[in-house]
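Peer 1: Please see the structure below; I have some questions.
What follows is calculated from the coordinates using simple rules that are stated; it is not laboratory data. Being a predicted model, the structure only gives us computed values, none of them experimental. Every residue, glycine as well, gets a Cβ built from its backbone with ideal geometry; the counts of neighbours run over all protein chains shown.
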Amino acid sequence: MTKSDYTSLRMGVDYYPEHWDRSLWEQDALLMKQSGVALVRIGEFAWSRLEPREGEYDFAWMDEAIDLFGSHGIDVVIGTPTHTPPRWLTTKYPDVLPITPNGGVFQPGVRGHRCFNSRSLRRLGERLIEQLAERYAQHPAVIGWQIDNEFSMLDSQSEQATEDFRDWVYRKYGTLERLNQEWGTVVWSGEYSEWNQLTPPLGGSPYQNPSFLLDFARFQWDSIVDFQQGQISAIRRHCPDHFITHNFHSYPQRLDLYAVGEELDFASFDYYPNTSPEKAATSPYSGALSLDITRGIKRQNFWIMEQLSGSPGGWMPMWRMPQPGYIRAYVWQAIARGADTLVHFRWRSATVGAEQFWHGLIDHSNVSGRRLAEFVQTSAELQRLAPLLGQTSPKAQVAILMSPEQLEALRIQKQADSFDYYENIKTYHRVLTKLGIDCDVIDWRQPLDAYQVVIAPHLYLLDDEVAERLSHFAADGGTLVTTARTGVKNLQNVCEMKLLPGLLADCTGVTVRDYDPLGSDIVRLDDREGEQFACSQWADILEPADGGRTEVLATYGGSVFFAGEATITRHEFGRGETYYIGTHPEESYLRGLLLGIMQKVGIPYIEGLPASVQVSVRSGESGSYLFILNLGREPRRIKSLGAYSDVMRGEGLLSGKLYNGHEIELEPYGVEIFRLIL
């Protein structure tokens, strides 16, 4: 298998042969093959079985498992096991364990107990990975690797992390004089006079110097990238034709997703949409954003390395069990938004350990039930449609910019009660999703040439490079949407002595004369047609630029001191235009505003899309394919959106019933896929 083959559409399972008696392996592999399992992920938590004592390797069990899967035509992805260092390692090399911000030790017994700066972990982990890569480089069943598991920020205060942080800061600033100036350490007598005075933020207080805290986060991002790169190098020395990925999870992550993703062949995500009835109205939209974020890490299709198979539990009380059709519907949602391969967690519910109640496709009874049957149905559908859908991907004309630096800076200094960077991105994305508009969510420093509309929420930190890119985008004919708290600081997390929105003032055609951190308080918003809406979180009081090219779209109303002042504007800039949204309006206002923008620039949309119904398009050389998904518990109806042939049930893939203006009925968790007839 070559790297290009990872774009094929398939389904698999996560399997832990070390957890099960060998007598089960053969029957599991047989049932997997009969169920449509094309690949398994193994090994990511198995260090103690692969190296039971330092330097003593036992690969016999993994050889047997991989050979077994290979004999049944099931491919294998190996997870590197550094997420769970074994007890012999943490006992002999205690530098492996992170030191928490309160001075405690992150002890073994759960998982993730590894300091990314530990030299012992790097040396011993990479040595084991080199052994694995050399051993399985030529095995026909092994197709790729997953690095570690679910990276996240640890804020380790270990001796090695402290030393590495000093080195990182020294490389960035060179002198203590410059460091003190850039961080503004004169406040509270925080100036450094010797390098050994510089430590991580011991105690983890949120009220420390914000420039220092942001740089400590950046240092950790670089440490994780370096930790990963050591593993990637060890694998690529022996397995140049195998793909390498990592399984991101649970957004928002403080992690710099884009830096971690840079050296990967593709990104992966662990997708657990919430099954609880009270989350039914929001979970499909939160999930859609997570999938679009994952696609944006590499700006290409991705994998799901852990897909929900049953009720999660263990880390929290068990969720509701997925209703019939739920597993299938959310598989197709992921595919519709760019997933190529979906690996379900897990094959069978564990009988031991902390995750016994994180349910798999098969329950503890080891009796196949409806969840496995639903997997079998979905896998068969995917196999049948793979010749059409393979090599296709979403093609969005709208992008939302996301930035780990904004997320971290706004976490360090919360701007107002209820003001939340990620939740606000979620609002904009949800509005677009409800209009049936595909949207990329990309790193804020990525090129913008592919888009007609770019939404850039809360560019709290801003530099010349980003400001110039956004200004050029608008001047060249694009539509730029910016929001409150733009241009507040430079990249050192230091406030700029400029009228907001700082470097984007010319581009947006406004300045902020005053502001009011509204928090959870509700203020009235009046549009030009006299309609009234609610807004909250923040109130920028805008001063349109002279020259008549800035149009006021909405003002504040009610009894606030800034009633009648501008809050939302449109500005002609070059061949394009910019919108400035100085508050956080209720969703219905944003819907009307964004709908008007899409109509103006000619981006297709859908009015009246029923609640819980999502629409996405994947396109490629084989054509364009429309996915209509009901991700809710109630039946829905929708008119067909143009002339399409039904490929989900079509004979010979392309000869299904033609829809053109007819109404389509969607059962709960119903899935329809159509091919556009040109």
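Peer 1: Any chance you could run the full-extension gain for S559 through A60? It's 0.36 nm times the residue separation minus the Cα-Cα distance, nm to one decimal.
Peer 2: Answer, rounded to one decimal: 172.1 nm.
Peer 1: Let me ask you something else. Give, as a single signed number, the net charge of other residues whose beta carbon lies under 12 Å from the beta carbon of G261, with Lys and Arg counted +1 and Asp and Glu -1.
Peer 2: Net of charged neighbours comes to -2.
Peer 1: For the chain, what is the percent of antiparallel DSSP beta bridges, rounded to the nearest 5?
Peer 2: Within the chain, antiparallel bridges account for around 55 percent of the total.
Peer 1: Placing +1 at every Lys and Arg Cβ and -1 at every Asp and Glu Cβ, with all other atoms neutral, what dipole size does the range 255-396 have around its Cα centre, in debye to the nearest 20?
Peer 2: It works out to roughly 440 debye.
Peer 1: Hey, got the dipole for the chain? About the Cα centre, +1 on K and R Cβ, -1 on D and E Cβ, debye to the nearest 20?
Peer 2: Using Cβ point charges on Lys, Arg, Asp and Glu, the chain gives about 1360 debye.
Peer 1: Treat each spin label as a single point 7 Å out from the Cα along the C-beta direction, and report the S520 to K600 distance in nm.
Peer 2: Each label point lies 7 Å from its Cα, and together they span 3.5 nm.
Peer 1: Taking neighbour Cβ counts within 10 Å as the exposure measure, how do E621, E587, E374, E531 sort from fewest upward?
Peer 2: E621, E531, E587, E374
Peer 1: Taking H placed 1.01 Å from N in the peptide plane, check which residues at least 5 places from L491 or on another chain put their amide H under 5 Å from its amide H.
Peer 2: When sequence neighbours closer than 5 places are left aside, the close amide H contacts are L462.
Peer 1: Would you tally the net charge around A534, using a Cβ to Cβ cut-off of less than 14 Å, leaving A534 out, and scoring K and R as +1, D and E as -1?
Peer 2: -4
Peer 1: Then there's this: Work out the charge dipole of the chain with +1 on the Cβ of Lys and Arg and -1 on the Cβ of Asp and Glu about the Cα centre, then indicate which of A350, L121, I147 is farthest towards its positive end.
Peer 2: After comparing all options, I get A350.
Peer 1: Which net charge results when you count Lys and Arg as +1 and Asp and Glu as -1 among the other residues whose beta-carbon is under 14 Å from that of Q34?
Peer 2: -1
Peer 1: Once you sort the root eigenvalues of the Cα gyration tensor of the range 1-81 as a ≥ b ≥ c, which label holds: rounded (a/c under 1.5), prolate (a/b larger than b/c) or oblate (the other case)?
Peer 2: Cα axes put the range 1-81 in the oblate bin.
Peer 1: Can you bin the chain into rounded, prolate or oblate? Criterion: square roots of the alpha carbon gyration tensor eigenvalues sorted a ≥ b ≥ c, rounded for a/c under 1.5, prolate for a/b above b/c, oblate for the rest.
Peer 2: Oblate, because a/c is 1.5 or more while a/b does not exceed b/c.
Peer 1: To the nearest 20 debye, what charge dipole does the range 398-601 have about its Cα centre, counting +1 at the Cβ of each Lys and Arg and -1 at the Cβ of each Asp and Glu?
Peer 2: In total the dipole reaches around 240 debye.
Peer 1: Amide H to amide H under 5 Å from W538: which residues, 5+ apart in sequence or cross-chain, H placed 1.01 Å off N in plane?
Peer 2: L518, G519, H584
Peer 1: Can you tell me how the range 398-601 classifies by the Cα gyration tensor, rounded, prolate or oblate, using a/c under 1.5 as the rounded cut?
Peer 2: In terms of gyration-tensor shape, rounded.
Peer 1: Right, another one. Order these by the 10 Å Cβ neighbour count, fewest first: E194, E44, E551.
Peer 2: E194, E551, E44
Peer 1: Taking amide H positions as placed in the peptide plane 1.01 Å from N, state which residues far from V613 in sequence (5 or more) or on other chains have amide H under 5 Å from it.
Peer 2: It is L631, by chain and number.
Peer 1: Quick one: order I42, I293 by neighbouring beta-carbon count within 10 Å, fewest to most.
Peer 2: I42, I293
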